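Take a look at the structure set out below.
The values are calculated or read from the model by the stated rules, or taken from the named source; none is laboratory data. Please read these numbers as outputs of a predicted model, since none were measured by experiment. Here the Cβ positions follow ideal geometry from the backbone for every residue, glycine too, while neighbour counts run over all protein chains shown.
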Amino acid sequence: MGFKNASSFSRIPTAIQLHVAKHQRILRIILSVSPAQLKPHIKDCVVNEETLMIYVNSAVWASQLRFCSAQIQTAVNTQSKEKIKKIRVRVLAPDPFKAEKKSKKIIPSAENIESLRNNADTLSEGRLKNALLSLSNTLLKQNK
């Protein structure tokens, strides 16, 4: 299961909604002072007492974000009621590997396979004849 913002859950109590709204406001502040290339990688934030936790999607972007922590701290402290003294950047666990759906193989009809075999039979011995015969045999096996 991948990471979900708390706001994606429906029917949460009002106190929690207010808490989530506060974190969303702080996230907007963080995004407003972050460099453009970092913004897509900042996923969420949480304030716990005087510590601001910022979640990103990879270690590379976490290290880049740490360079901006002073300006983020100043912006959050001046634009919100929070008094942040420490910023921690955390990397979210990657989504589990999802195998791509196998595309359905399109195998020629039996008539087309037979046509390949007949064309191969008209050729004199050689690489092309052997390749066409091998291809027709493979297609016949897969068609069954």
Margin query: Which residue is farthest from residue 84 (Cα to Cα), if the candidates are limited to the range 1-18 and must be of a type in the set (S, T, N, Q), surrounded by fewer than 12 Cβ atoms within 10 Å (Cβ to Cβ) and at pLDDT below 65?
Written below: 10
Notebook entry, point to check: For the range 19-27, does any single residue satisfy the condition of being of a type in the set (Gly, Ala, Ser), farther than 14 Å from residue 75 by Cα, modelled with pLDDT under 90 and not in a helix (DSSP H, G or I)?
Noted result: no
Check: Tally time: how many residues in the range 130-144 are of a type in the set (Lys, Arg) and surrounded by 15 or more Cβ atoms within 10 Å (Cβ to Cβ)?
Finding: 0
Check: Is there a residue being touching a helix residue (DSSP H, G or I) at 6+ places or on another chain (Cβ under 8 Å), in contact (Cβ under 8 Å) with a residue 40 or more places away in the chain and not in a helix (DSSP H, G or I) anywhere in the range 37-48?
Finding: yes
Item checked: Among (1) more than 30 Å from residue 139 (Cβ to Cβ); (2) buried (at least 16 other Cβ atoms within 10 Å of the Cβ) - the single one residue 116 does not satisfy -> (1)
Margin query: Can you report the number of residues in the range 54-68 which are surrounded by 15 or more Cβ atoms within 10 Å (Cβ to Cβ) and not in a helix (DSSP H, G or I)?
Written below: 5
Notebook entry, point to check: Among the residues of the range 89-144, how many are out of contact with any Phe, Trp or Tyr (no Cβ under 7 Å at 6 or more places or on another chain) and assigned to a strand (DSSP E or B)?
Noted result: 2
